[in-house]
1. If a residue must be without any contact (Cβ under 8 Å) to a residue 12 or more places away in the chain and buried (at least 20 other Cβ atoms within 10 Å of the Cβ), how many such residues does region 38-72 contain?
2. If you check every pair at least six apart or on different chains, which have Cβ atoms under 7 Å apart with a residue in region 177-197 that is farther than 21 Å from LEU214 by Cα first and a residue that is at pLDDT 90 or above and among the small types (Gly, Ala, Ser) second?
3. Suppose we filter region 76-110 for residues that are free of Cβ contacts under 8 Å to residues at least 40 places away in the same chain and either farther than 17 Å from TYR55 by Cβ or not in a loop (DSSP other than H, G, I, E, B) (or both); how many remain?
4. For ASP191, indicate whether it is open to solvent by 30 Å² or more (accessible area, probe 1.4 Å), within 17 Å of GLU146 (Cα to Cα) and acidic (Asp, Glu).
5. So, GLY35, is that one within 26 Å of LYS221 (Cα to Cα) and in contact (Cβ under 8 Å) with a residue 40 or more places away in the chain or not?
6. Return a yes/no flag: does region 198-208 have any residue that is away from the ligand (no atom under 15 Å from the Cβ) and either among the polar types (S, T, N, Q) or exposed (fewer than 15 other Cβ atoms within 10 Å of the Cβ) (or both).
7. Of all the residues that make up region 163-189, how many are part of a helix (DSSP H, G or I) and out of contact with any helix residue (DSSP H, G or I) (no Cβ under 8 Å at 6 or more places or on another chain)?
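The values are calculated or read from the model by the stated rules, or taken from the named source; none is laboratory data. Computed from a prediction, not measured in an experiment: that's the story for all the values here. We place every Cβ from the backbone using ideal geometry, glycine too, and count neighbours over all the protein chains shown. Note: accessible area is taken over every heavy atom of the protein model, side chains too, but ligands, DNA and RNA are not part of it. Shrake-Rupley method; radii C 1.70, N 1.55, O 1.52, S 1.80 Å.
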Amino acid sequence: MRALIPAAGRGTRLRPQTNTKPKSLLRVADKPIIGHILDNLKTTRIKEVIVILGYMKEQIEEYLEENYSNRFDFIFVEQEPRLGLGHAVYVAKEQAIDQPLMILLGDMIFLQTYREMLQKHRKNGECAASIGVKEVDQPQHYGNVEITNGNITRLVEKPATPLSNLAIAGVYIVNDTPLLYRALEQIIENDIQTGEEYQLTDALQRMIDWEASLKTFRVEKWYDCGRKNTLLEANRILLQEKHNNHTKLTHSQPTNTIIIPPVAIAEECQIENSVIGPHVSVAEGVKIKNSIIKNTIIGSHAQIENTNLTNTLIGDEAIVKGTLLELNVGDHASIHLTY
Ligand code: G1P
């Protein structure tokens, strides 16, 4: 079995962070999103990983080669033009068709292991594919599935009227890879698009139309890192989880600073006279001075001085310097400073 990670998109919902960096390289807790996915993949025996690249592909290639090439063999495939998730999977046909495939969407982090999901898939018995699903409040924002007697009977991408409360969670385990590629090919040849994209969901529906058996498995905690607030939420939860597991998260020694855990601080940071935390992730080489920071992700080599930050994303090499207030506030005064 191989894994396939689509990571070609522009990540427009996460601008400006994604103006200079692909989404999968945005930092959450102690590493980029794609690093979390690959660390989770280490719980399985999968060795070959197909990565679909496009936007700023060199950065992803470099990160993966540098950090994960001793465990995985990467096969990089370029998607150009980018015509949707179904198309992203389709462009790797040649590299993927001859083995079962585990498709992992590049912006979801799961606390559950992929190994556990593969076990659930095996328990499903014979089937063309199993798809991870989760009950959600707003199924219209996701791929949506209808199940009858344990089999998927229908799948619709972001339906106006949902079929159920089950959302496609972004993990697909495909046994019958040739059939999936036949379905993708049909969709592309016949130009069947939903929301102006060739959808993986539509290809899976086609497999059902051809009487293939598609099953589901439940996924538990997932974090969609697709927007600023969900990225910060994933950061909070992963930091807490790692803190609870006693993972070493601090790799630089701050001076004269109060750390409120959970906090991750990478190597070669200089932090002084500050209060950091909770839920702050600091990348390598960051300098922080005289600041109070909580619920924030800070990119490498950023400089922060004399400021108070919350719910904030700061890119690599950015500079944020505030003003320290010097006041002489009289009795009964009420002063509210907002940014
Ligand atoms: C994609 C899939 C959708 C799935 C979702 C999970 O949508 O097309 O079926 O539910 O991922 O995150 P996207 O997030 O690319 O719009």
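1. Residues that pass the stated criteria total 0.
2. Cβ pairs passing all conditions: GLU197/GLY84.
3. Summing the residues that are free of Cβ contacts under 8 Å to residues at least 40 places away in the same chain and either farther than 17 Å from TYR55 by Cβ or not in a loop (DSSP other than H, G, I, E, B) (or both) in region 76-110 gives 3.
4. no
5. Here the answer is no, as GLY35 does not meet what is asked.
6. no
7. Residues in region 163-189 being part of a helix (DSSP H, G or I) and out of contact with any helix residue (DSSP H, G or I) (no Cβ under 8 Å at 6 or more places or on another chain): 3 in total.
Matching residues to (1) within 23 Å of the chain's Cα centre (by Cα); (2) within 16 Å of the ligand (Cβ to nearest atom); (3) over 18 Å from LYS23 (Cα atoms):
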site	(1), (2), (3)
GLY226	yes, yes, no
ALA234	yes, yes, no
PRO254	no, no, yes
VAL263	yes, no, yes
